[in-house]
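*Asks:* Supplied in structure tokens, the structure appears directly below.
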Amino acid sequence: MTALIALTLTIHVANIAGVPPAVMRSAQEQVSRMFNGIGIEIAWATDDRVLGGDQHALRVTLLPRETGALNGAGNVLGAAIPGAGTAWVFYRRVEREADRNGVAVAPVLACAIAHELGHLLQRSPQHTDNGVMRKAWSRRDYIRAASGRFQFTVEDTVLSLER
């Protein structure tokens with residue numbers, strides 16, 4: 001896919017789930033590649049204080065598990081609040097889905113993070129029929145994620161860049 005725009009997003013990840021550093025680095029690298037493919041550069045912030053005045057700054061919190069209304073909500077791997085610039089990814093669910101589909105955890109984590117970041121770029125949460133912004137992922141999608149081929153589609157990009 002050809003890049004449509006040039007934009008840099010600053011992302012701060014709070015690793016409350018204790019994701020191993022090697023898994024985190026691998027996931028961040030894949031997220032960066034996915035967004036670079038649509039013309040968005042990702043700057044990973046290590047200190048959340050840098051987010052204060054950055055209008056393109058987003059927060060992702062990796063939680064060990066879901067709570068509240070999402071508890072028991074099937075295969076939901078995360079949640080996002082677009083207007084607040086905040087998303088959550090449920091790491092134990094990511095691990096479970098990776099294991100269930102026989103793939104490594106890092107690429108599934110990357111796609112879950114990219115999916116939730118995609119929602120943060122939307123005015124209202126929407127899903128598409130294909131690509132990383134699909135509502136429900138199939139086994140084929142997990143396998144594509146593991147090989148780095150589960151990406152943003154043109155439809156995903158249009159929805160995510162409508163700001």
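*Asks:* Which pairs have Cβ atoms under 8 Å, sit 6 or more apart or on different chains, and link a residue in segment 134-157 that is crowded, with 19+ Cβ neighbours inside 10 Å to one that is modelled with pLDDT of 95 or more and charged (D, E, K, R)?
*Replies:* 137/97; 142/97; 150/141; 150/144
*Asks:* On the given criteria, is residue 94 in a helix (DSSP H, G or I) and either at pLDDT below 90 or hydrophobic (A, V, I, L, M, F, W, C) (or both)? Reasoning before the result, please.
*Replies:* Details: in a helix (DSSP H, G or I): yes; either at pLDDT below 90 or hydrophobic (A, V, I, L, M, F, W, C) (or both): yes.
Criteria met by residue 94.
*Asks:* Moving to a separate point now. All but one of (1) outside any helix (DSSP H, G or I); (2) hydrophobic (A, V, I, L, M, F, W, C); (3) under 11 Å from the mean Cα position of the chain (by Cα) hold for residue 108; state the number of the condition that does not hold.
*Replies:* (1)
*Asks:* For segment 119-163, how many residues are in a helix (DSSP H, G or I) and modelled with pLDDT of 90 or more? First the steps, then the outcome.
*Replies:* At the first step, the residues of segment 119-163 found to be in a helix (DSSP H, G or I) are 119-120, 139-146, 154-160.
Applying the additional criterion that residues be modelled with pLDDT of 90 or more yields 119-120, 139-146.
Residues meeting the conditions: 10.
*Asks:* Only residues in segment 75-102 that are without any contact (Cβ under 8 Å) to a residue 60 or more places away in the chain count as the first member; pair them with residues that are surrounded by fewer than 15 Cβ atoms within 10 Å (Cβ to Cβ) and assigned to a helix (DSSP H, G or I), Cβ under 7 angstrom, at least 6 apart or cross-chain, and list the lot.
*Replies:* 101/139
The values are calculated or read from the model by the stated rules, or taken from the named source; none is laboratory data. Quick caveat: nothing in here was measured; it's all calculated off a predicted structure. Heads up, the Cβs are rebuilt from the backbone with ideal geometry, glycines too, and the neighbour counts pull from every protein chain shown.
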